[in-house]
1. Where the centroid of each part is defined by its Cα atoms, how far is the range 109-185 from the range 489-565 in Å?
2. Grab the beta carbon distance between Asp281 and Lys48, set R0 = 41 Å, and tell me the FRET efficiency rounded to 0.05.
3. If a/c stays under 1.5 just call it rounded; otherwise compare a/b with b/c (prolate if a/b is bigger, oblate if not). Do that for the range 531-704, with a ≥ b ≥ c from the square roots of the Cα gyration tensor eigenvalues.
4. Rounded, prolate or oblate for the range 300-346? Axes are the square roots of the Cα gyration tensor eigenvalues, ordered a ≥ b ≥ c, and the cut-off for rounded is a/c under 1.5.
5. What do you get for GluC sites (Glu not before Pro) in the range 504-603 restricted to DSSP loop and a cutoff of at most 16 other Cβ within 10 Å of the site's Cβ?
6. In the chain, what % of DSSP beta bridges are antiparallel (nearest 5)?
7. Can you give me the distance in nm between label points at Trp301 and Lys505, each placed 7 Å from the Cα along the Cα-to-Cβ direction?
8. Length gain on complete extension for the stretch Ser217 to Gln247, per 0.36 nm per residue less the alpha carbon to alpha carbon distance?
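The values are calculated or read from the model by the stated rules, or taken from the named source; none is laboratory data. This structure is a prediction, so every number in the text was calculated from the model and none was measured. Cβ atoms come from the backbone with ideal geometry, glycine included; neighbour counts cover every protein chain shown. To get the accessible areas, we keep the full protein, side chains included, count just its heavy atoms, and leave off ligands, DNA and RNA. Shrake-Rupley method; radii C 1.70, N 1.55, O 1.52, S 1.80 Å.
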Amino acid sequence: MGIKIGIDLGTTFSAAAVVDKQRGVPVMIPNRDGERITPSVIQFQDGKTIVGSEAKEAYESGETGCTSSFKRSMGSDEVYCTIDSASYTPVQLSSIMLRHIKDEAEAVTGERVDEAVITVPAYFYHKERSATLRAAQMAGLNVKQLINEPTAAALAYSVEHWRENARIMVYDLGGGTFDVTLIQMKNGGMVESLRTNGDHTLGGKDFDARLAELIESKAEAEAGLSIKDYPSLHNAAMREAESIKKQLTARNTVNVRLFGEDFGSFSTQITIEEFNSATLDLIKRTTTLCEQLLSELSLSWGDITDILLVGGSTRMRRVASFLKERSGHTPLMHVNPDEAVALGAAICAACSAPPKYAQSVAGSVMRDRTSGVSEKVGKETKLQNALSVMPSDVCAHAMGVIAVSADGNEYINKTIVPSNSIIPVKCAESFYYYTSENGDNDLEIYMLQGEAPPLESVVIGKYTAHGIKHDPENDRTVVSIQYSYDKNGMVHVQVRCQGEDVDLKVTQEPVPNDMSRFALPPKKTEAPQQLNVVMAVDVSGSMNGYPLSEAKKAMRHFVDKLGRNNCTVEVGIVAVSDRSVVVKKLDSDLEKCKAAINSIEEEMAGILNGADPFDDIRIMLKKANGKRFGIVLADGRWDDQAKAVLRARMCHEVGIDIVGIGFGTADEKFLKEISSGEIESMFVSHDRLVESFGKIAQEIGRSSPKKRGRASSAAAVSTWRAIGETD
Ligand code: ADP
Ligand code: MG
């Protein structure tokens, strides 16, 4: 059996570590030159590939064939550099780096690397993560997991500093990225990332650039040397900047001497005050991001236990002092700041206990500690503790899909997975999808990262879900789109139609270059103009005689009026008293419907008011397509009005609109409650019934299916519409 290592694949430096089983601690694996961290710089020279310090020196002395900082372009498939007519993408360069780390680790330890945990900035997108996995695969590494850098750092820290319920802010300022993450240590030995924030274009390199600018401005002010006249000045200043910056960590003044072909030489001094003031805004930006993170969690500096400094750039003295001024906490730099990430990754690589077991191990360690039995925590216990800490990461970005807004007027980014969800996570959202009889009925999913509108978001993938079935009775289906983030922070898509128990086949396609169609209004998908109306009439004893004959007359008129609507109309009839009786099922033959109305007789359903018609209305309209109404004519009070209201609400919930019409001693409040509010309930006298029905017929015909479609009342389904090829 070989070893399992942790790899910090950094922008400027990379490193590997392993848990030393005998000593019970994670340790760095130095490279063959004895260095604990290796510059992420590659040089291609005479068919040879040189990685690390030698390449970095070559790069700094201006030799050709060198490349660095490729991690900043991770996720892009474009060529990053071309050397001796060979082109390299960031993935290829990262794979060379990873293979080097692996080879060195095997050479130094004399063991085979079986498995690796690789760290990535918490702010890495899906694309960058999958690029990292590809690079690892090309390097012949078997990747156990990708974990976020701050989570790894917190793991390393927890070996020595386990504190139940501590809330740790991990402040990681590296060479090219800044990340701040809040981590909660929990009861029983779990760490959980609460939230993360950052800027992956801010790092030590920006401080180098400011220092170079400072030197250039001094050259101009003190010696009249401008870059315009002496272009080599800029390169000379850039070359020296990093080393001067590092010297300023230990000293207050540094002598600078630059040489260049065009300007000869230039000497000056840089003080720590000058450097600090030239870079203050960069440090302020990091603390602003920290404070933003805290405020998003409704926390303040006082609510955190410790600040943990990670990344080589936190060696700059101003970082700790500025943080202390802002926060009141003295930041910890307990673990070597540029090693913490690799050490934590090594812990994660060695951690094989399933979460439950791990928790109980940690729990017993905790109990021992609190009872004082294990006051002297030995190295082994520490390791066991660290190994039992299961990291749980968060995804920094929300994930959404392009959908049609509820009003049908624009394309929106509908979030499916909220930002900062703890991974692994699965979230689904329901959408309407309009199928057609002859079409392919393929659903298109444009996966967006972030919460900005479609055209301002990063489109990280285009997927198609195939073969949604067309139901001739209802051309609108409810589809559920599920996104899941796995343990590596990678996203997967599943699509399922409501009521089905298998997922649709989903394929991935290239994201089109031109997404401009989503700036235009979507094509309208009109629900079919079909009207379905069930009329329920109270036939209890109180309706005998004139009231019932007036009601029947009004109902016939109503059917005639409905028939004049420019659409298909289906009508059903229910009589209700002690029972609810279906007199006529939904039928588009309106003459038959009128005949059914004529057939309604007094007391055909009993003589009292024991029943209500809502279950029948709901069942009759269940499969109907288009607009669906229940018109209920009530006379007097019904026995169980509360129950009737509940059943009426069940109709509302599935999108059936109920209109209550009352006369006689009907209860006005009850009528309001059974009505869905789309069309006002009304309370009328018998002789005005025909007129009132006429009004209702008109309103029913007018109400737009788009606005008041079933979507708005169906509680479980959102009103957004998923898009297909025809959109
Ligand atoms: P990354 O994770 O991005 O590869 P590291 O955590 O290794 O980066 O940090 C590298 C950065 O730290 C570089 O910008 C380097 O200049 C800076 N750095 C290293 N040592 C010091 C120091 N003593 N003082 C200031 N900056 C330093
Ligand atoms: Mg780093």
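1. What the calculation gives is 50 Å, centre to centre.
2. Values: r = 42 Å, r/R0 = 1.03.
E(calc), rounded to 0.05, equals 0.45.
3. Because its axes are fairly even, with a/c under 1.5, the range 531-704 counts as rounded.
4. Oblate.
5. Working: sites: Glu526, Glu550, Glu570, Glu591, Glu601, Glu602, Glu603; in loops: Glu526, Glu601, Glu602, Glu603.
Answer by residue number: Glu526, Glu601, Glu603.
6. Values: 93 of 139 bridges.
Bridges in the chain that DSSP calls antiparallel: roughly 65 percent.
7. In this crude spin-label approximation the distance works out to 6.0 nm.
8. Taking 0.36 nm per residue and subtracting the Cα distance, the gain is 8.8 nm.
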